[in-house]
1. Taking the conditions exactly as written (open to solvent by 20 Å² or more (accessible area, probe 1.4 Å), touching a residue at least 40 places away in the same chain (Cβ under 8 Å), assigned to a helix (DSSP H, G or I) and more than 30 Å from Gly305 (Cβ to Cβ)), does Thr164 satisfy them or not?
2. Being assigned to a helix (DSSP H, G or I) and closer than 22 Å to Gly250 by Cα is the requirement here; does Phe120 meet it?
3. Give the residues of region 439-469 that are open to solvent by less than 80 Å² (accessible area, probe 1.4 Å), modelled with pLDDT under 75 and of a type in the set (S, T, N, Q), sorted by residue number.
4. Would you check which residues across region 120-142 are among the hydrophobic types (A, V, I, L, M, F, W, C) and either open to solvent by less than 30 Å² (accessible area, probe 1.4 Å) or more than 23 Å from the chain's Cα centre (by Cα) (or both) and list them?
5. List the helices (runs of 4 or more DSSP H) inside region 216-332, counting only whole elements, that have at least 3 residues being touching a Ser or Thr at 6+ places or on another chain (Cβ under 9 Å) and within 27 Å of Met95 (Cβ to Cβ).
6. Among the residues of region 33-42, are any touching a His at 6+ places or on another chain (Cβ under 7 Å) and surrounded by fewer than 22 Cβ atoms within 10 Å (Cβ to Cβ)?
7. Do the conditions hold for Ala82, that is, is it free of Cβ contacts under 8 Å to residues at least 24 places away in the same chain and either under 18 Å from the mean Cα position of the chain (by Cα) or open to solvent by less than 40 Å² (accessible area, probe 1.4 Å) (or both)?
Amino acid sequence: MELSDGNTIGARRPLVELLLLALPTVAQMASYTLMQFADRWMLARVGEVPAAAAGTAGITFFCVLGFGFGVLLVINTFVSQAMGRGDLKSTGASMWQGVWFGAGFGMLSLCLIPLAQRIFLAMGHEPLVAATEATYFQIVTLGGSVKLVTIAISQFLLGLHRPTIVFLGTVVGIFANVLFNWMLIYGNLGFPAMGIAGAAWGTNAAVTCELLVMGLFVMRKAFVHQHGLGQWRVQWDKMRLLLKIGIPAGFQLICDITAWMIFMNVIVGSFGTAALTANSFAFTYMHVCFMPAVGVGTAVTALVGKYIGMGRPDMARRRAHLGFGVCAVYMVAAGLILYAFRFRLIGLFTQNPETIQIGAHIMLFVALYQIFDALFVVYVSALRGAGDTLVPAVVQAILVWTIVVGGGAWVVHFAPDYGIVGPWALATVFGSILGIFMFWRFSRGRWESIRLHGHTAGASDEPLPVPPV
């Protein structure tokens, strides 16, 4: 049994609390990755080049939206801390600041559409591959605002510990993606066979379905009144606070995504089209493993924020460590599966022996990377729940650009005989250092003194009681 606030709570209930929030969140966070996985798998029936192009163009698109995505993640922090304080009326304004920011940032990204093919040619890709990548990139960029608004609303709901509706939206989006892909890639039900363009339009349509499900839920009259969602106008004081905490988080994400995009498209791509293709397929599995971990991390953000709002940093710490335990079990199991079935998994996308062999080598490092990813994802999410975003962002940016990008480029230039093993070995070293650093920073406990609001529960007030789960 665990004593938290004087009440006796069943020993399993902290785990139940985490899982009830994490499992739907895992599904939501994995939805976009699963959509891209479906795109690549279904496009592999059209050809190897379209399937690989969807992967490289997809991560490039995510790189463009990464900054906005990172900023919007802190909506979870604001809403969960407000809920912990019992201030539900202020949560709606936080959501609307995210909606306006996401819509604006998505519109700004449209400027890259005319430059798409030049971007991929500048990465050194063959003209046919670059043209195919540009087609996918240009179409999914049109849906950027929809995707970011969806993230803003989902983070609002997750901060309120209302993951079920997020899960429902996710399920609708995934099934819609497969359906629209089937119609538009292959030309079923009277639609023309559009190939990779059909996959991109299918992704946009699926994200729109996901947004409609969550939007219809939050716009219910009773919900609008309870959470102050009538405050739809831009509130500059709240927008400034969102940007103050969110910009480091966005900077952290965009630096990481951009570095990995360069690693994937330029460093690994320098070894030829077969290496680029194999790396794209291996990255697909890395994302499938990674995004559920991000879902657990998002649940940890919400729980840490709630307990900080209640003035219970001790409970926040326990939930973070519990989240790592859950995430570590999953990531280690995923790593073992990737290692054991690496040839078969790459073989789902291609029958080219060279591509399969290269991809199997990459999967060895992807499998080893998983446990360090668990450390990083959970503890950086816990720090975000407390509002500690600046130092983690700076450290991650320095490490990824010096080790992954700088080290990878050095190996390609001075030790090319190592092939893809050299850059991927350095990437694994980066993951281990970063994960250990985030755990160390969280363990130091300086995040307990951060105050995002004028309220200082835990410093001078009586802590709020921990409710039963």
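1. On the way: open to solvent by 20 Å² or more (accessible area, probe 1.4 Å): yes; touching a residue at least 40 places away in the same chain (Cβ under 8 Å): yes; assigned to a helix (DSSP H, G or I): yes; more than 30 Å from Gly305 (Cβ to Cβ): no.
For Thr164, the condition - open to solvent by 20 Å² or more (accessible area, probe 1.4 Å), touching a residue at least 40 places away in the same chain (Cβ under 8 Å), assigned to a helix (DSSP H, G or I) and more than 30 Å from Gly305 (Cβ to Cβ) - is not met.
2. Working: assigned to a helix (DSSP H, G or I): yes; closer than 22 Å to Gly250 by Cα: no.
In short, no.
3. Result: Thr456, single match.
4. Pass one, region 120-142, residues among the hydrophobic types (A, V, I, L, M, F, W, C): 120-123, 128-131, 134, 137, 139-140, 142.
Hits for region 120-142 are Phe120, Leu121, Ala122, Met123, Leu128, Val129, Ala130, Ala131, Ala134, Phe137, Ile139, Val140.
5. Values: elements: 221-227, 236-262, 273-309.
So the answer is 236-262, 273-309.
6. Yes, there is a match, as at least one residue in region 33-42 is touching a His at 6+ places or on another chain (Cβ under 7 Å) and surrounded by fewer than 22 Cβ atoms within 10 Å (Cβ to Cβ).
7. Values: free of Cβ contacts under 8 Å to residues at least 24 places away in the same chain: no; either under 18 Å from the mean Cα position of the chain (by Cα) or open to solvent by less than 40 Å² (accessible area, probe 1.4 Å) (or both): yes.
Considered against the rule, which asks whether it is free of Cβ contacts under 8 Å to residues at least 24 places away in the same chain and either under 18 Å from the mean Cα position of the chain (by Cα) or open to solvent by less than 40 Å² (accessible area, probe 1.4 Å) (or both), Ala82 comes out as no.
Residues are listed down the side, and each one gets a yes or a no for (1) under 26 Å from Val129 (Cβ atoms); (2) surrounded by 22 or more Cβ atoms within 10 Å (Cβ to Cβ); (3) of a type in the set (S, T, N, Q):
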{"residue": "Val207", "(1), (2), (3)": "yes, yes, no"}
{"residue": "Met219", "(1), (2), (3)": "no, no, no"}
{"residue": "Gln235", "(1), (2), (3)": "no, no, yes"}
{"residue": "Ile262", "(1), (2), (3)": "yes, no, no"}
{"residue": "Gly297", "(1), (2), (3)": "no, yes, no"}
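The values are calculated or read from the model by the stated rules, or taken from the named source; none is laboratory data. Just so it is clear, the structure is predicted and the values come from calculations on it, not from any experiment. Counting neighbours? That spans all protein chains shown, and the Cβs are built from the backbone with ideal geometry, glycine included. Ligands, DNA and RNA are stripped out before the accessible areas are found, and what is left, the full protein with its side chains, is counted by its heavy atoms. Shrake-Rupley method; radii C 1.70, N 1.55, O 1.52, S 1.80 Å.
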